[in-house]
Amino acid sequence: MADIVPEVVAFLERFAAAFGVQAALDVERTPDGPRITLNGDEVEVLVRHRGEPLKALQHIVDSSYGRGVPEPQRIFIDALDYRKGKDSELRQMAKLLAEKVKQSGLDQQLGPLNPYERRLVHLAVAEVPGVTTESVGDAFQKTVLISLRK
């Protein structure tokens with residue numbers, strides 16, 4: 001399979017230029033797939049409003065280029081390491097809630113979360129023995145229920 005990253009980088013460069021933003025792009029190869037980070041003073045516009053513009057850009061890249069990446073990998077788009085920090089916070093919160101479930105025996109909920117965020121929670125909680133997760137809901141945004149393993 002051909003490497004799709006140069007094509008995605010070219011798209012992001014065109015996007016930044018059309019958006020009127022000076023951006024430097026850094027590509028990092030990870031086991032989960034390529035992570036392309038936009039950096040520069042003007043890129044801050046993508047992380048405003050709780051990162052909604054960045055989420056929209058991620059959705060466009062997923063829709064346009066996602067099929068060019070082998071399963072289960074995906075292309076990650078970030079700006080100023082915003083998502084990297086948010087992902088870390090979400091994993092820590094999931095583990096904290098999993099430990100709370102173990103100590104109290106009471107189920108905990110986290111969400112609503114998009115599919116990517118739910119995957120992070122499921123993987124983080126899987127590292128805590130004695131607890132399990134389940135996605136609850138029938139919409140794109142679902143809640144993750146953390147409970148004791150039966």
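Only helices enter this figure: runs of n ≥ 4 DSSP H residues, each worth -39500 (n - 2.57), summed and divided by the residues of the chain, yield -15000 deg cm²/dmol at 222 nm to the nearest 500. Labels on offer are [x] 1, 5, 6, 7, 7, 7, 7, 5, 4, 4, 3, 3, 4, 6, 7, 7, 7, 5, 2, 0; [y] 2, 10, 19, 22, 20, 15, 8, 3, 0; [z] 2, 9, 17, 19, 16, 14, 11, 7, 4, 2, 0, and the one holding P(r) over Cα pairs in 5 Å bins from 0, in percent computed from this structure is [z]. Among the helices of the chain, those built from whole DSSP H runs whose Cα atoms reach 15 Å or more along their own axis and whose mean Kyte-Doolittle hydropathy is at least -1.0 are 5-19, 48-65, 115-126.
Please give the charge dipole size of segment 1-82, origin at the Cα centre, charges +1 on K and R Cβ atoms and -1 on D and E Cβ atoms. Round to the nearest 20 debye.
Working: 8 positive and 14 negative charges, 51 e Å.
Dipole size: approximately 240 debye.
Put +1 on the Cβ of each Lys and Arg and -1 on the Cβ of each Asp and Glu in the chain; which of A10, G85, V131 then has its Cα farthest toward the positive end of the dipole? Going by the Cα projections, it comes out as V131. Pairs of Cα atoms in segment 39-90 fall into 5 Å distance bins, from 0 up to the last occupied one, in shares of 4, 20, 26, 23, 17, 8, 1 percent.
With charges only on Cβ, +1 for K and R and -1 for D and E, what is the dipole size of the chain about its Cα centre, in debye, rounded to 20?
Values: 20 positive and 22 negative charges, 131 e Å.
Once rounded to the nearest 20, the dipole reads 620 debye.
For the chain, the antiparallel share of DSSP beta bridges with both residues in that region comes to about 80%.
Read the figures in this text as sums done on the coordinates, not as results from a lab. Fair warning: this is a prediction, and the values are worked out from it, not measured in the lab. Here Cβ is always computed from backbone atoms with ideal geometry, including for glycine, and neighbour counts include all displayed protein chains.
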